[in-house]
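The values are calculated or read from the model by the stated rules, or taken from the named source; none is laboratory data. Small disclaimer: the values here were computed from a predicted structure and weren't measured. Quick reminder, even Gly has a Cβ in these numbers, built from the backbone with ideal geometry, and neighbours come from all protein chains shown. Just so you know, the surface numbers come from the protein's heavy atoms only, side chains and all, with ligands and any DNA or RNA stripped out. Shrake-Rupley method; radii C 1.70, N 1.55, O 1.52, S 1.80 Å.
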Amino acid sequence: MALIPELVDLAARHGAADREKVSTALRDAARTQSSLLRALLDSSELDENGFYRELTDKFRLAWGGADIAKAAPELRGKLPARIALRYQLLPVAADDDNITLLTYDPFDMLARQAVAEAVPQRVRYEVYTRKGILPALRQVYGIGAETFEELLEGRASDEELDQIRAEEVNVLDENESEEASVKKFINQVIREALRERATDIHVEPLSDDLRVRYRIDGVLQEVPVPAQMRKLQRSVINILKLTAGLDLGEDRRPQDGRISLELGGQPIDVRVASIPTINGESISLRLLGKEVFSLERLGLDEDYASKVRELLALPNGIILVTGPTGCGKSTSLYTFLSSLNTRERRILTIEDPVEHKLPGVNQSAVQPEIGNTFANLLRSFLRGDPNVIMVGEMRDYETAEIAIRAALTGHLVFSTLHTNDAVGGITRLLDMGVEPFLVASAVRAFLAQRLVRRLCSVCKAPAHPGDYSTEYLRSIGFPPEYDGKILRAVGCEACRMTGYEGRLAIMEICMVTPKLQEMITHRKTAAELRPAAEREGMRPLRKYGFDKVASGTTTIEEVMRVTTSDVNAQDE
């Protein structure tokens, strides 16, 4: 207890504003024989580097800053996962006689006792920050390593599949048993994905391993998993299939299902897809939490936000969002519908599938097996007195023709097309067989969209001189007036060393002006339509992205990553 006042003083010098709160947390931890420094860090925001530097000097402890980089998966066999993860101890060096462990609580005697019982070597403890140790532990041991270790020791129940069949499964049940199980391991994988803001989890069997990857901010990142994951492949995949309502006996055909979860009182809908591969079934999980759809979330500048509001105020016509899969088209459509969702409007949607449930909106899912196609549902919708209709995708002439008829009879219609740019939407409709005069009279605007990662606000910094040559910037069409405004992604603990945190949309909006209506009616080509659209005020996709670079929001690399395949990109 004599240590507590010194720790309170030390914490106060490094950012702890409420001394009484810290003191109470430390006394409670001492009374329950819990980790003192874990309680201190949980109770207050600290400058951990400064705090631990002074702590090691004051108590003459070894500082592990130089050794943190030595942590590697090869060392996980030197300290059991159940001890390393329970007490958050990181092995950074080991031989037959000695092992070096990093700890952020050198006063935790329970941890030292557990290590002494499990490790035969002489142990050297070094001190490092919790913010540095925890990510390194995940890299060395992998997610759910302590559960996996117990499973391999045979402590999991052999009747787990039968138990799950007999109960309604809520995978993220916070009150789950402490007993090791495959279900508990899956819980840990999903919880970690949600903590990392992942939108997808991919469980992929390889020839000699089972790989887990998260898609974070649109980019796939491999997740560290315990060694010998392949041993649990069948159990992991079977429980995921069973929980999603898929047929366990069918492993030769793709299957789709859903899991309804709850975490912290928030519902999470999970779309599950199983795909047969030569190494076994691959499972993909799409995580769909409760989201707030607002124009501000799209990150549009004032010019484009004004144009979007102008389009949403129209009484009728078609607004089409174009772009490849995964570019955020559905999010934009949900945002538009949320803005229009008032008591005075009846909104009907046709989706494949329904990704997010919007209160007050009548949403229908396509079911081709019973005849509920886009075209058939849309035809029925016109008899349902809607004000606004959203069609998930215009896939064929029949759907496009009915949507145009709806627009011409006083409805506001939203839909998507798979084209590279906004002007490409015009030629796609003509290729489907829609008459040019109908496109010109019914469509109000084409919006092409991509998603770029947003720079981390904590670590973003000006680009180094020489990072980009003048010749390169000119070759990609980067405006000369923006040359001194380029920022770079650095990487820090706040953004998991990626340099990015979150995403935003970049767009080009092609308004169908009278000039363009005339050109469409005369079947002008895309090569003729695009320059005309730019003269009519359309800002090209890449140019809009470069404006975001100049505003310090994203990087040149991100803009180039999502626009290099655009048609006529050299002109942008």
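Quick look at the numbers
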| read-out | value |
| --- | --- |
| Loop-located trypsin sites (Lys or Arg not before Pro) in the range 18-91 whose Cβ has at most 14 other Cβ within 10 Å (DSSP) | R60 |
| Size of the range 46-131 as Cα extents on the principal axes (Å, biggest first) | 33, 26, 21 |
| Trypsin sites (Lys or Arg not before Pro) lying in DSSP loop within the range 288-328, provided at most 10 other Cβ fall within 10 Å | K290 |
| Charge dipole magnitude, Cβ of K and R +1, D and E -1 - the chain, Cα centre, debye nearest 20 | 960 |
| Additional length obtainable on full extension of the chain from D431 to T470, 0.36 nm per residue less Cα span | 10.0 nm |
| Potential extension, E117-S339 segment - 0.36 nm per residue separation minus Cα distance | 73.8 nm |
| Relative contact order computed over the range 448-529 (Cα-Cα under 8 Å; 6+ residues apart), in percent | 42 |
| Residue (of T349, L79, I259) at the positive-pole extreme of the chain, dipole from beta-carbon charges | T349 |
| Which of A461, V223, G545, positive extreme of dipole for the chain (C-beta unit charges) | G545 |
| Under-5 Å amide H pairs with C456, H placed in peptide plane, nonlocal only | Y500, E501 |
| Leading residue at positive end of dipole, the chain (Cβ point charges), from V123, G433, P531 | P531 |
| Accessible surface, per residue, of the chain when the full set of protein chains is kept, probe 1.4 Å, Å² | 47 |
| Rounded percent of accessible protein surface that carbon and sulfur make up, the range 306-415, 1.4 Å probe | 46 |
| √(5λ) per eigenvalue of the Cα gyration tensor, the range 449-495, largest first, Å | 23, 14, 8 |
| Restraint check, K329/K485; K329/K460; K485/K548; K58/K78, Cα-Cα greater than 21 Å | K329/K485; K329/K460; K58/K78 |
| Ellipticity estimate at 222 nm from DSSP helix runs (n ≥ 4, -39,500 (n - 2.57)) divided over the chain, nearest 500 | -11000 deg cm²/dmol |
| Cα gyration tensor, the range 1-155 - rounded (a/c under 1.5), prolate or oblate | prolate |
| Relative contact order %, the range 64-139, counting alpha carbon pairs below 8 Å whose residues are six or more apart | 36 |
| Anisotropy class of the chain from Cα gyration tensor, a/c 1.5 cut | prolate |
| Exposure of V562 as accessible area (Å², to 10), given a probe of 1.4 Å and all protein chains | 20 |
| Computed over the chain: relative contact order in percent, which uses C-alpha pairs under 8 Å that are six or more apart | 8 |
| DSSP-assigned coil residues among chymotrypsin sites (Phe, Trp or Tyr not before Pro) in the range 1-108, each with at most 13 further Cβ atoms within 10 Å | F59 |
| Rounded, prolate or oblate (a/c below 1.5 giving rounded, otherwise prolate when a/b exceeds b/c) for the range 27-92 by Cα gyration tensor | oblate |
| Reachable lysines, given that their alpha-carbon falls under 23 Å from the alpha-carbon of K524 and they are not under 8 places away in the same chain | K515 |
